[in-house]
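All remarks here apply to the structure that follows.
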Amino acid sequence: MKVVRAELTEHVGGRPDAVQRLLIARLATVSLRLTLYDEKFATGQAITDFDSRVYAALHTQFRLMLREISLEPSDPRRVARHETTDDVQLTPAEAYRRLIHG
């Protein structure tokens, strides 16, 4: 889990905000659970219907959280651009759109 946290922290520029820290913590936990299921599947242990459903749900959750944290590495210039005083005049919807779409 420490490796996953470190890699994701680096991915977001080394200084995650509060939301990114929460996502990184959750991603690390889900990643561990997926790894445990991968090992179970790889060793030929009995796989129940419940296992399959949990694995699918974890995988979906993992994929969606990765999308939230951004699949592209953080660009420090992008972060700096969003911290300017120009953003004070934006509506919350416009600020969110700019943050997500650049």
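Numbers below:
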item	result
Under 5 Å, built H, 5+ apart or other chain: amide partners of Val12	Ser74
Average Cα contact separation per residue, region 2-71, under 8 Å, 6 or more apart, as relative contact order %	36 percent
Point-charge dipole on Cβ atoms (K/R +1, D/E -1) for region 2-71, about Cα centre, debye to 20	200 debye
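Computed from the coordinates by the stated procedures, all read-outs in this text should not be read as laboratory data. All values reported here derive from a predicted model rather than from experimental measurement. Backbone-built Cβ (ideal geometry, glycine too); neighbour counts: all protein chains shown.
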